[in-house]
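Novice: Sharing a structure here in C-alpha cells format.
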Ligand code: SRM
Ligand code: SF4
C-alpha cells in the first residue's frame, strides 16, 4: 500500500475484507422465496459474479420491480455457434427477449428475476463461458481485435488475450458453490474465512480494471480508453512484441472536476512472452496504489496521472522482471468495423452485421439464431463497436447464411447509413440505475434528425462518429466521439465535440446543456459553417478541434 496518511476506507473495502470469498449471503437470498431482491451488500458482491440488481425504471410509478442484469465474460468476443444458441435461449426463456452486444465484446441479459438468476448463470457456465469477474473490482472482459481480415497474427493475439484473461481471473470458490452447486459457502470454515486471493489479495482492486489488445492501424477497441493496452507490433505477419499503454479511462461525474476522461500513455515496448507478467504488474500497481477511500478517484488512470509515466515504467520493470524499451512506431487510422461480407486472411469469409445500439432483437435475433442452428461450425464474434461478426464461413455456407438472413428481411450490404453505422449508445433507461437521460432509445432518432439537417446544408451522406450515454460514466466511450451526447437530465444533454476517427483524441465540452427539442437550432449554424470552412475531406471532429472549439474557448 502507499505510504500516505491513513484514510477512511470506502464501504466496499470493508465488505470485501470481511468476506474475501465474495460469497456474501447470495445463495441464502436466492433460496429465500419471500424476497425478490438482494441486500445492498450482497448487491456489491453480486457484481463480482457478473450480475447487477436493477429495477425497471419505466415501471417505477407502479412500484419497484426488481430485475437482474447478467453480463457474460467472453475474452476477445469469440463465441461458438453453440454458445450463441444457448445465449439466445436464455434471453428468450429468462430475459427480456433481447441480447445486448456490449462495448466490451460481451453479451448482457436484462430483465432476469431473482429466481431465474442461477439457471442463467449455470447455463452460461455449462456452455463453457462464465460471468465471474464480468463486473466488480477485478479485471474485466479482455478485448481483442475481432476482425479476421488483416493479419494471421491475430490468432496469436487472441491466444494472448485468453491467456491474460485466465491468469487474472479471481480464484474464489464461492462462484462455483453458488451458481454450479447451488450452495452457500460455509463462511465459518477457516479456508473460506481466511481466504486470500493469490493475485488480488483480500480486498481485490480499488475499482474495476480493463485490458485491451489491438492491432494497428485498426483501433477497433478504442485502446487508449483502457487501463492497460497491448498494442501489437507485427512484422511480416509475425507478432514481435507489444507497445504498452497504461492509464486510460472515460468515467467522470457532472460537476466534479476531480474526475475526468483520460487517454492512456504509451510507456514502452516489451517481447510477447512477457505479456502475462506485464498484465499482472500493471494490475498489482492498481491494487497497491489505487485510492481505496474514494471510489470516484480509484481507477488506475488517476495513479498514472498523479504519479507519472516514469513511476509506471519503473514499477512495471520491477514487478514484471523486464526492461521496457522505447515504444516502436505505430499508427491508427480507424476505429470502425468492416461491415458486410469480406474475405478473411485464411481465404474464408466473414460477415459483420450492424446491430443498432448493440441491441440484438426481433428479426435480427431470430435470423442469428437460425444461422447458429444451421451452421454449427461458424464463429460468432462480438465487436467493441457493439456489432456481431459471423466468422470462419466457407464458400458453401456463405450462400446458405445469405438465404437465412434474406428470409428474415436482413441486408448484408448497405445495412444502414454511415451515420448509424458509426454510432454507439449505452443502454441507460429503463435498466441502468445511473441513467439521467435516455440513450439507446433516443440515439437512432437523433441520428435521423442530424442526417436530415446535414442534407439541408449540403452534407448528405457525411459520416460523423456520434455516441450517446445517459450519464457521464462513459459506457459507450463518448469522450472519443466527434459528437457526444452525455445525459444530464430527462431530455437534456451535455454536448462534446472534436474526437477523431482513429480514437486518439479526446473531445471537449461545447454545450453544457442542450435540450432535445433544440437539436436543429443549435447544430444548424455549426454544420453550415463546417460545410463552408472545412478543408477538402476534413472530418467534422477534426474541423471542430482545429477551428471551432478554439474559437469557443477564446470567447468563453
Ligand atoms: Fe459501464 C457502470 C453498462 C462499458 C464506464 N456500466 C455501468 C452499469 C453497470 C451501471 C451501474 O453501475 O449500475 C451499466 C449497466 C447498464 C445496463 O442496464 O446494462 C453499464 N458499461 C455498460 C455497457 C453494457 C454499455 C454498452 O453500451 O455496452 C458496457 C459493458 C461492458 C462489458 O461488457 O464489460 C459498459 N462502462 C463501459 C465502458 C467502455 C469500455 O470499457 O470500453 C466504460 C468507460 C471506460 C472506463 O471504464 O473508464 C464504462 N460503467 C462505467 C462507469 C464509470 C467508471 C468510472 O471510472 O467512474 C460506471 C459507473 C461505476 O462503475 O460506478 C459504469
Ligand atoms: Fe448507465 Fe451511464 Fe453507463 Fe449509460 S453511461 S449505461 S447511463 S452508467
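The values are calculated or read from the model by the stated rules, or taken from the named source; none is laboratory data. Everything numeric in this text was worked out from a predicted model, so none of it was measured. Note that each Cβ is placed from the backbone with ideal geometry, even for glycine, and that neighbours are counted across all protein chains shown.
Novice: Has region 112-129 got any residue that is within 22 Å of residue 204 (Cβ to Cβ), within 13 Å of ligand 1 (Cβ to nearest atom) and either surrounded by 19 or more Cβ atoms within 10 Å (Cβ to Cβ) or without any contact (Cβ under 8 Å) to a residue 24 or more places away in the chain (or both)?
Specialist: yes
Novice: May I ask you to say which residue of 390, 436 is at negative phi, surrounded by 19 or more Cβ atoms within 10 Å (Cβ to Cβ) and within 16 Å of ligand 2 (Cβ to nearest atom)?
Specialist: Values: 390 fails: within 16 Å of ligand 2 (Cβ to nearest atom).
The unique qualifying residue is 436.
Novice: Look at region 451-480 and say how many of its residues are within 13 Å of ligand 2 (Cβ to nearest atom) and either in a loop (DSSP other than H, G, I, E, B) or surrounded by fewer than 23 Cβ atoms within 10 Å (Cβ to Cβ) (or both).
Specialist: First, the residues of region 451-480 that are within 13 Å of ligand 2 (Cβ to nearest atom): 467-479.
With either in a loop (DSSP other than H, G, I, E, B) or surrounded by fewer than 23 Cβ atoms within 10 Å (Cβ to Cβ) (or both) added as a condition, the list becomes 470-477.
Counting residues in region 451-480 that are within 13 Å of ligand 2 (Cβ to nearest atom) and either in a loop (DSSP other than H, G, I, E, B) or surrounded by fewer than 23 Cβ atoms within 10 Å (Cβ to Cβ) (or both) gives 8.
Residue-by-condition table, conditions (1) modelled with pLDDT of 95 or more; (2) within 15 Å of residue 208 (Cα to Cα); (3) assigned to a loop (DSSP other than H, G, I, E, B):
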| site | (1), (2), (3) |
| --- | --- |
| 234 | yes, no, no |
| 243 | yes, no, no |
| 251 | yes, yes, yes |
| 258 | yes, no, yes |
| 273 | yes, no, no |
| 279 | yes, yes, no |
| 285 | yes, yes, no |
| 293 | yes, yes, yes |
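Novice: Right, here's the next one. Between a residue in region 224-252 that is within 13 Å of residue 300 (Cα to Cα) and any residue that is assigned to a strand (DSSP E or B) and more than 16 Å from ligand 1 (Cβ to nearest atom), which pairs come within a Cβ distance under 6 Å, given they are 6 or more apart or on different chains?
Specialist: From region 224-252, the pairs are 245/266; 246/267.
Novice: Only residues in region 347-360 that are at positive phi count as the first member; pair them with residues that are in a strand (DSSP E or B) and within 16 Å of ligand 2 (Cβ to nearest atom), Cβ under 8 angstrom, at least 6 apart or cross-chain, and list the lot.
Specialist: 357/424; 357/425; 358/100; 358/101; 358/424; 358/425
Novice: Conditions first: (1) assigned to a helix (DSSP H, G or I); (2) surrounded by fewer than 20 Cβ atoms within 10 Å (Cβ to Cβ). Residue 304 passes all but one, so which condition is the exception?
Specialist: Exception for residue 304: condition (2).
This table checks each residue for (1) touching a strand residue (DSSP E or B) at 6+ places or on another chain (Cβ under 6 Å); (2) farther than 30 Å from residue 430 by Cβ; (3) not in a strand (DSSP E or B).
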residue: 336; (1), (2), (3): no, no, yes
residue: 341; (1), (2), (3): yes, yes, no
residue: 345; (1), (2), (3): no, yes, yes
residue: 351; (1), (2), (3): yes, yes, no
residue: 365; (1), (2), (3): no, no, yes
residue: 369; (1), (2), (3): no, no, yes
residue: 373; (1), (2), (3): no, yes, yes
residue: 376; (1), (2), (3): no, yes, yes
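Novice: Here's another thing I want to ask about it. If we only count helices (runs of 4 or more DSSP H) wholly inside region 1-104, which ones have 1 or more residues that are farther than 30 Å from residue 384 by Cα? Outline the logic, then answer.
Specialist: Details: elements: 11-18, 26-31, 40-48, 81-93.
Qualifying helices (runs of 4 or more DSSP H): 11-18, 26-31, 40-48.
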